[in-house]
Structure formats: structure tokens, C-alpha cells
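One structure is given here, and the rest of the page talks about it.
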Amino acid sequence: KGDELGCLLATHKLGLFYQRNGKTAAKGFQLIKKAVDRGFDNALIDYGRCYETGNGVKQDLVKAFEIYSLAYEKKVKGACIYLENCYKEGIGCTKDPKKAKEVVENFEEDPLSAVIWIKFFVNLDKF
């Protein structure tokens, strides 16, 4: 209902719901794209992940990198994690440890990213 009323957060969340079910991943991708196209920047990370993983859309690592870069430029919370990983692993770009380090240094400006990074690399469920 929220999507029908134009609530971009609802569109994004509905897209994530469909993404979790492999049979409806393409529909989920379309909803996430719809939220991004209408200016909901917080959906950029999930939009990039669709391209990175090929969930609901043909895998395109360069496109994923471009989307993560855009999210980073727009200061979307958590974007530095994904962009840093691209530079570190060469996902959609040439490996560049110096650039990865530069991205990581911005953690101080993005406290949420630091929490995500800790959970991801240390596997902590709770603090």
C-alpha cells in the first residue's frame, strides 16, 4: 500500500522483501530501482548490491562500483564499506589499496559504517 501511495521508504523495503525470495528477485530489483530513480538515496546500497550479486538483474560489477561511488558521494550511511571493498578487491575497478585506505579513513565521518564494518569483519551480533 505504501508503494502505491508513493512512499519511497515503503517502495525500497518492499523491494528488499521481494529480493529475499529468489522467485521474485527481479520484481524486488525493479522496486529498489524505482525508489532510487525517484530520489531515495538510501536505496543506493541495495541497488548496487543487486548488480554486484546479480540478484534480480544481470550481474555487472562496473555498474555496482559506479552506484557505490555515487552513494559515497551522496554520503549514504554505510556506502564507504562497499566502496572500500571494491577498491580493496578490485570489484568493478582496478585494485587500489591506497584509494581503499582513503575511503576507510572516512569512517570517522560515518559512524554507522564503522559499526557495520565491525559487525562484518568481527562477526559480532551485539555490542
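Could you report the range 1-69's accessible area per residue, 1.4 Å probe, as an integer in Å²? Show your work: numbers first, answer last.
Working: 3860 Å² over 69 residues.
I get 56 Å² per residue for this part.
Please report the net charge: other residues with Cβ closer than 13 Å to the Cβ of residue 36, K and R +1, D and E -1.
Values: positive: 33, 34, 38, 49, 63, 74; negative: 37, 41, 46, 66.
Summing Lys and Arg as +1 and Asp and Glu as -1 gives +2.
Past 25 Å, Cα to Cα: identify those pairs from 74/101; 58/98; 33/63; 13/75; 34/99; 13/74, in the order given.
Details: 74/101 19 Å; 58/98 30 Å; 33/63 13 Å; 13/75 20 Å; 34/99 31 Å; 13/74 20 Å.
From 74/101; 58/98; 33/63; 13/75; 34/99; 13/74, over 25 Å: 58/98; 34/99.
The values are calculated or read from the model by the stated rules, or taken from the named source; none is laboratory data. On a predicted model such as this, the values are computed, not experimentally measured, just so you know. Reconstructed Cβ throughout: ideal geometry from the backbone, glycine too, with neighbour counts over all protein chains shown. We work out accessible area using only protein heavy atoms, side chains counted, and drop any ligands, DNA or RNA first. Shrake-Rupley method; radii C 1.70, N 1.55, O 1.52, S 1.80 Å.
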